[in-house]
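Participant: Before we start, here is the structure in question, set down as structure tokens.
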Amino acid sequence: MASDASAETAETAETAETAETAETVETEAGPARITWRRAAVPRLVLAVGHGAGGGIEARDLQALAGALPAHGVTVALVEQPWRVAGKKVAPAPKTLDTGWRGVWPVLAGAGLPVVAGGRSAGARVACRTARELGAHAVLALSFPLHPPGRPEKSRAAELLGAGVPTLVVQGGNDPFGRPAEFPEGGHELVAIPGADHGFAVPKRAEPTQEQALELLTDAVTRWTAALG
């Protein structure tokens with residue numbers, strides 16, 4: 001009987017950690033959408049936004065949503081209003097920030113610390129608004145330090161101005177900024193060897209695609225565990 005009860009508890013926990021739910025949130029920039037992957041016993045929320053060229057189906061966001069709930073981190077995948085509306089071109093940064101601000105009360109509604117995160121343009125949004133919104137920390141995936149081939153157009157000030165503990169995870173071959181190009185500052189940086197801006201790695205390369213994503217999720221898991 002006890003073993004049956006233990007199995008049932010484990011099954012319930014697994015279901016809670018893998019279940020996906022979505023909700024629409026009205027913002028001043030239009031309706032946004034949050035897709036939740038909830039931890040059974042959450043200790044914090046990681047909210048991650050997508051980039052300007054894609055949505056929450058990005059391989060890094062999906063890898064985190066699959067891995068972190070088992071470690072007590074509820075993952076909230078945030079779709080900006082322009083994506084929800086089916087538009088193909090992202091709006092100006094100011095509008096992206098407005099959409100992010102609009103979902104924040106829902107993200108923080110459970111009373112847990114919220115880590116603001118995102119990939120590419122979403123990482124810039126997280127950095128720009130972190131201090132204002134009271135983010136516990138920032139996760140910057142593929143931070144676009146500069147446009148490809150234009151290192152003089154640096155966005156380092158956004159990253160350095162986040163004002164909270166920050167982890168940057170960057171592909172070793174990211175044309176928007178390779179790890180060695182990043183300035184010194186109050187952030188931690190983890191490089192994924194051979195990966196591009198979408199964390200894709202060449203075929204028959206080391207690490208493999210699966211290994212590259214494991215490096216990413218392991219780094220974020222360790223970092224979130226250290227946040228407390």
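Participant: Give the residues of region 145-163 that are among the hydrophobic types (A, V, I, L, M, F, W, C) and open to solvent by less than 30 Å² (accessible area, probe 1.4 Å), sorted by residue number. Before you say what the answer is, go through the steps one by one.
Facilitator: In the first step, residues of region 145-163 are kept if they are among the hydrophobic types (A, V, I, L, M, F, W, C); the result is 145, 156-157, 159-160, 162.
Across region 145-163, the qualifying residues are Leu145, Ala156, Leu159, Ala162.
Participant: Has region 167-185 got any residue that is closer than 30 Å to Glu23 by Cβ, touching a helix residue (DSSP H, G or I) at 6+ places or on another chain (Cβ under 8 Å) and surrounded by 23 or more Cβ atoms within 10 Å (Cβ to Cβ)?
Facilitator: yes
Participant: Here's another thing I want to ask about it. Working only within region 70-93, note down all residues that are more than 16 Å from the chain's Cα centre (by Cα) and within 24 Å of Ala19 (Cβ to Cβ). It would help to see each step written out before you state the result.
Facilitator: Within region 70-93, the first condition is being more than 16 Å from the chain's Cα centre (by Cα), and the residues that meet it are 70, 81-93.
Ala70, Arg83, Val84, listed by residue number.
Participant: So how many residues does region 114-144 have that are open to solvent by 50 Å² or more (accessible area, probe 1.4 Å) and over 14 Å from Gly161 (Cβ atoms)?
Facilitator: The number of residues fulfilling the criteria is 2.
Participant: Examine region 96-115 for a residue that is within 21 Å of Glu214 (Cα to Cα) and among the hydrophobic types (A, V, I, L, M, F, W, C), and state whether such a residue exists.
Facilitator: yes
Participant: Can you spot a residue in region 70-81 that is acidic (Asp, Glu), out of contact with any Asp or Glu (no Cβ under 9 Å at 6 or more places or on another chain) and in contact (Cβ under 8 Å) with a residue 60 or more places away in the chain? Reasoning before the result, please.
Facilitator: As a first pass, look at region 70-81 and keep what is acidic (Asp, Glu): 79.
In the following step, the residues that additionally are out of contact with any Asp or Glu (no Cβ under 9 Å at 6 or more places or on another chain) were identified as 79.
Then keep just the ones that are in contact (Cβ under 8 Å) with a residue 60 or more places away in the chain; that gives none.
No.
Participant: Can you name the residue in region 128-155 that is touching a helix residue (DSSP H, G or I) at 6+ places or on another chain (Cβ under 9 Å) and in a helix (DSSP H, G or I) and is also nearest to Asp196 (Cα to Cα) among such residues?
Facilitator: Arg128
Participant: Name the pairs whose Cβ atoms lie under 7 Å apart, with the first residue in region 43-56 and open to solvent by less than 10 Å² (accessible area, probe 1.4 Å), the second assigned to a strand (DSSP E or B) and among the hydroxyl-bearing types (Ser, Thr, Tyr), and 6 or more positions between them or separate chains?
Facilitator: Between residues of region 43-56 that are open to solvent by less than 10 Å² (accessible area, probe 1.4 Å) and residues that are assigned to a strand (DSSP E or B) and among the hydroxyl-bearing types (Ser, Thr, Tyr), the close pairs are Val45/Thr74.
Participant: Another question, if that's okay. Scan region 82-94 and tell me whether some residue there is touching a residue at least 60 places away in the same chain (Cβ under 8 Å) and open to solvent by less than 70 Å² (accessible area, probe 1.4 Å).
Facilitator: Yes; the residues of region 82-94 include at least one that is touching a residue at least 60 places away in the same chain (Cβ under 8 Å) and open to solvent by less than 70 Å² (accessible area, probe 1.4 Å).
Participant: Could you please find all residues in region 104-133 being in contact with a Leu (Cβ under 7 Å, 6 or more places away or on another chain) and over 18 Å from Gly55 (Cα atoms)?
Facilitator: Trp104, Leu112, Pro113, Val114, Val115, Cys127
The values are calculated or read from the model by the stated rules, or taken from the named source; none is laboratory data. These figures come from a predicted structure and were not determined experimentally. No Cβ is skipped: glycine too gets one built from the backbone with ideal geometry, and neighbour counts run over all protein chains shown. Ligands, DNA and RNA are excluded from the accessible area calculation, which covers all protein heavy atoms including side chains. Shrake-Rupley method; radii C 1.70, N 1.55, O 1.52, S 1.80 Å.
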